[in-house]
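The values are calculated or read from the model by the stated rules, or taken from the named source; none is laboratory data. This one's a predicted model, so the numbers in the text were calculated from it and none came from an experiment. Cβ: placed from backbone, ideal geometry, glycine included. Neighbour counts: every protein chain shown.
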Amino acid sequence: MVLPSGGRLGGRSKVTSSEASYGAICSVFGDPHYRTFDGRIFNFQGTCDYILAQTRDHNEITVIVRNDARLNEQYAWTKSIRIQVGGAKIYFLQKSRVKVNRKRVVLPYVHRRSKFSVVTDGRLVALKTPSGIKVSWDGDSYLEVYVPRDMKNAMRGLCGNYNNDRSDDFIGQGGALYVDAEQFANTWLTGRRRCRRNSPTSVNVPSTRCQSDQLRLEKAKVPCTALYGKGFERCRSSLEVEQYFSSCITDMCECDNGTRCFCVSILAYVRACTLMGFDVQRHLPAVCKGVRIPKHVSGLLISLWESANSLFVRDKYVTPTGKRLHAGYVQKVEARKNIPFDTTARSK
């Protein structure tokens, strides 16, 4: 379904994105779930190349995701990323390998002409542009794009337009506003790669395994209820949790028995809450701190946990001038300095 130009799905939505004084974040996680800059979550299982985020003038940055089938033909995953900055093409590949203009590079790396850098941030690989845009990849399936506040109304792609209004996030590449996530996402297909374009996308529909097995569905819900725990109560007042919960159930339904795929959605919520200034790290379920989890979960678990810890969990920090600060104070300072991803304040 396509709405008329300028159409809306209703009034202006409550702002529930991770946007604050410092900017906004779009993330891709799980099988795969997309969270736009303005906080709208949708599923899309197409296995093609898609424009995830792009500045409207096309000159600053373009982030393209490559999705492939995983586990079965109904579910996909983000396999790799191509980023275009200026005249350079950067490739984020599996196992955190990085190529620039198709040549393998060693990190840290700085491109002299386009002035961007690629560094390791905990176990994430991160590209930073001079304008403050940051693209982070866990080397497996988790991707995060941060844009500063001055990029508001300047973005397009699967991540939406970043205007604090979720109702118009599904604007396709041709300018039309869509209701259906699949139709919207397919407009952002790019390149000539042969791929599958049609697939189920509703974030509220359980996988085929759970549709035919009510007991499996009930079991899938149990670990996902951690998102409604008291430790996330403050964050839930600012960041809606319902679609993370639905995404968690979808992943658990598709996982084999005994695996911990629920950690992906919970960690994504923890990450979003942390970047909004909420101290929720200690409320991550204990089982998500282990290592006996599926391959596609482990990279995300370790990278997000370490990245978050490096900013907010440790007791003391040292600023570039050598001043020691309490973690809670640093958390507030980082937000005011408009650099939520800054890692210059390291623990001693």
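Restricting region 20-49 to residues that are of a type in the set (D, E) and either buried (at least 23 other Cβ atoms within 10 Å of the Cβ) or within 8 Å of the chain's Cα centre (by Cα) (or both), which is farthest from A76 (Cα to Cα)?
Kept after step one, since they are of a type in the set (D, E), are these residues of region 20-49: 31, 38, 49.
Okay, now just the ones that are also either buried (at least 23 other Cβ atoms within 10 Å of the Cβ) or within 8 Å of the chain's Cα centre (by Cα) (or both), so 31, 38.
Details: D31: 6, D38: 23 Å.
The selected residue is D38.
Here is a yes/no grid of residues against (1) closer than 27 Å to F44 by Cα; (2) β-branched (V, I, T); (3) in contact (Cβ under 8 Å) with a residue 40 or more places away in the chain:
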site: A69; (1), (2), (3): yes, no, yes
site: I81; (1), (2), (3): yes, yes, yes
site: K103; (1), (2), (3): no, no, no
site: R112; (1), (2), (3): no, no, no
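Being among the basic types (K, R), touching a residue at least 40 places away in the same chain (Cβ under 8 Å) and in contact with a Leu (Cβ under 9 Å, 6 or more places away or on another chain) narrows it down to one residue among R123, R40, R35; which is it? Please lay out each step first, then the result.
Values: R40 fails: in contact with a Leu (Cβ under 9 Å, 6 or more places away or on another chain); R35 fails: in contact with a Leu (Cβ under 9 Å, 6 or more places away or on another chain).
The conditions single out R123.
Every residue in region 263-298 that is modelled with pLDDT of 85 or more, hydrophobic (A, V, I, L, M, F, W, C) and farther than 14 Å from S27 by Cα, please.
Scanning region 263-298 gives F278, V280.
Scan region 61-81 and tell me whether some residue there is under 21 Å from K134 (Cβ atoms), modelled with pLDDT of 90 or more and more than 16 Å from the chain's Cα centre (by Cα).
yes
Taking E60 as meeting all but one of (1) of a type in the set (D, E, K, R); (2) within 23 Å of G30 (Cβ to Cβ); (3) in contact (Cβ under 8 Å) with a residue 40 or more places away in the chain; (4) surrounded by 16 or more Cβ atoms within 10 Å (Cβ to Cβ), write down the number of the exception.
The single condition E60 does not satisfy is (2).
Of everything in region 222-273, what is charged (D, E, K, R), touching a residue at least 60 places away in the same chain (Cβ under 8 Å) and outside any helix (DSSP H, G or I)? Give them in sequence order. I'd like the intermediate steps shown before the answer.
So the first thing to find is which residues in region 222-273 are charged (D, E, K, R), and the list is 230, 233-234, 236, 240, 242, 251, 254, 256, 260, 271.
Narrowing further to those that are touching a residue at least 60 places away in the same chain (Cβ under 8 Å): 240, 251, 254, 271.
E240, the sole residue that qualifies.
Go through the residues of region 142-156 one by one and say whether even a single one is under 25 Å from L267 (Cα atoms), of a type in the set (V, I, T) and in contact with a helix residue (DSSP H, G or I) (Cβ under 8 Å, 6 or more places away or on another chain). Spell out the reasoning first.
So the first thing to find is which residues in region 142-156 are under 25 Å from L267 (Cα atoms), and the list is 142-149.
From what is left, the residues that are of a type in the set (V, I, T) are 145, 147.
So of that shortlist, the ones also in contact with a helix residue (DSSP H, G or I) (Cβ under 8 Å, 6 or more places away or on another chain) come out as none.
Checked region 142-156: no residue is under 25 Å from L267 (Cα atoms), of a type in the set (V, I, T) and in contact with a helix residue (DSSP H, G or I) (Cβ under 8 Å, 6 or more places away or on another chain).
Can you tell me how many residues in region 191-207 are farther than 19 Å from V241 by Cβ and either assigned by TED's automatic domain parsing to the domain that holds N67 or at pLDDT below 55 (or both)? Before the answer, list the steps.
Taking region 191-207 and keeping what is farther than 19 Å from V241 by Cβ, we get 191-201, 207.
Still in the running and either assigned by TED's automatic domain parsing to the domain that holds N67 or at pLDDT below 55 (or both): 198-201, 207.
Qualifying residue count, region 191-207: 5.
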